[in-house]
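Inspection log for the structure reproduced underneath, given as structure tokens.
The values are calculated or read from the model by the stated rules, or taken from the named source; none is laboratory data. Computed from a prediction, not measured in an experiment: that's the story for all the values here. All Cβ positions, even for glycine, are placed from backbone atoms using ideal geometry, and neighbour counts span all protein chains on display. Accessible surface areas use protein heavy atoms only, side chains included; no ligands, DNA or RNA. Shrake-Rupley method; radii C 1.70, N 1.55, O 1.52, S 1.80 Å.
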Amino acid sequence: MREHKNIVILTGAGISAESGIDTFRSAGGLWEKHRVEDVATPEGFARDPELVLRFYDMRREAIQTKQPNPAHHALARLDADWAGELLIVTQNVDDLHERAGAKRVLHMHGEHLNAWCTSCDVRSPWTAPLIDRPPCPVCAARTLRPDVVWFGEMPYGMDRIYAALRTCDLFVSIGTSGAVYPAAGFVQNAVELGADTLELNLERSQGSGMFHQTRLGPASELVPAWVEEMLA
Ligand code: BV8
């Protein structure tokens, strides 16, 4: 692969798996225990808000007991030392990238540690449960919901992501099955825009065929090795 200057890195649940955070589609994964349409859609929330709030309260509490792993730390190091453009676009709603020290991070599917008030539209830092419908810290309305992008909702930061894809010369995908759009379509965008593409994953993803190179293995091994190469 040629020298690279501007990098876009897409991460998914696989990068947090070794930190003990459930992935979605693997055996025993979140979507095995919960029906997507019940817990991750606006319709599901309207139908049974308690079921949805309990689902996210459980996950919000869990991530606060987990630690970043060597893959998160390696990306934070690359972020700190890379002179060119770099954007970590994560589908994850955990805060392990930031806790490892990464700065240039965009949560396209939202964040567990925010609550979104659907009355005043303000997103407030939030670590506690939402099941008892606590008042919004800004407008006091009891209309807080998890600040996550549900199926059928528009992902966050799409303009910034497409702008970064237009200028990147390297697109790297880490720990994602390539099952959810528009994230799963970024590799095709990157190829069409002339970037080199690299996949680091435990197993081949649904989009593997579109990557110039695929390396299979655990993120905690593949990512530090790749970052070593990039900073060499
Ligand atoms: C939208 C937040 C309009 C909530 C999430 C085109 C075609 C078909 C369908 C669609 C389409 N366009 C839109 C759709 C509909 C839908 C969609 O994609 N449906 C799918 C199911 C077919 N998309 C939407 O509704 C999106 N909104 O499209 O708005 C629009 C359209 C265009 C442009 C703009 C707007 C919104 C989708 C967001 C939903 N919210 N999360 C929450 O977290 O609860 S999605 C959620 O699931 C995650 O964020 C992530 O995106 C996805 C899970 O995927 P992964 O992260 O990849 O996890 P998974 O378990 O699947 O895989 C883990 C991988 O890691 C595996 O490959 C495994 O091998 C690997 N791995 C495991 N361990 C390790 C490892 N790798 C390395 N090391 C390890 N140790």
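General observations
- Note on the stretch 19-33: residues that are over 16 Å from the mean Cα position of the chain (by Cα) and more than 18 Å from Glu203 (Cβ to Cβ) amount to 1.
- Any hit, the stretch 149-165, residues being part of a strand (DSSP E or B) and either in contact (Cβ under 8 Å) with a residue 12 or more places away in the chain or out of contact with any strand residue (DSSP E or B) (no Cβ under 6 Å at 6 or more places or on another chain) (or both): no
- Residue among Lys103, Lys66 that alone is open to solvent by 30 Å² or more (accessible area, probe 1.4 Å) and in contact with a Gly (Cβ under 6 Å, 6 or more places away or on another chain): Lys66
- Being open to solvent by 20 Å² or more (accessible area, probe 1.4 Å) and more than 14 Å from the ligand (Cβ to nearest atom) holds for only one residue in Val138, Val180, Val149, and it is Val138.
Residue by residue, here is whether (1) open to solvent by less than 20 Å² (accessible area, probe 1.4 Å); (2) touching a residue at least 60 places away in the same chain (Cβ under 8 Å); (3) over 21 Å from Thr176 (Cα atoms) holds:
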residue: His34; (1), (2), (3): no, no, no
residue: His72; (1), (2), (3): yes, no, no
residue: Asp81; (1), (2), (3): no, yes, yes
residue: His97; (1), (2), (3): yes, yes, no
residue: Val122; (1), (2), (3): no, no, yes
residue: Pro129; (1), (2), (3): no, yes, yes
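- Arg204 open to solvent by 30 Å² or more (accessible area, probe 1.4 Å), farther than 28 Å from Ser26 by Cα and in contact with a strand residue (DSSP E or B) (Cβ under 8 Å, 6 or more places away or on another chain): no
- Lone qualifier among Glu203, Glu199, Glu221 - being within 16 Å of the ligand (Cβ to nearest atom), part of a strand (DSSP E or B) and more than 24 Å from Arg60 (Cα to Cα): Glu199
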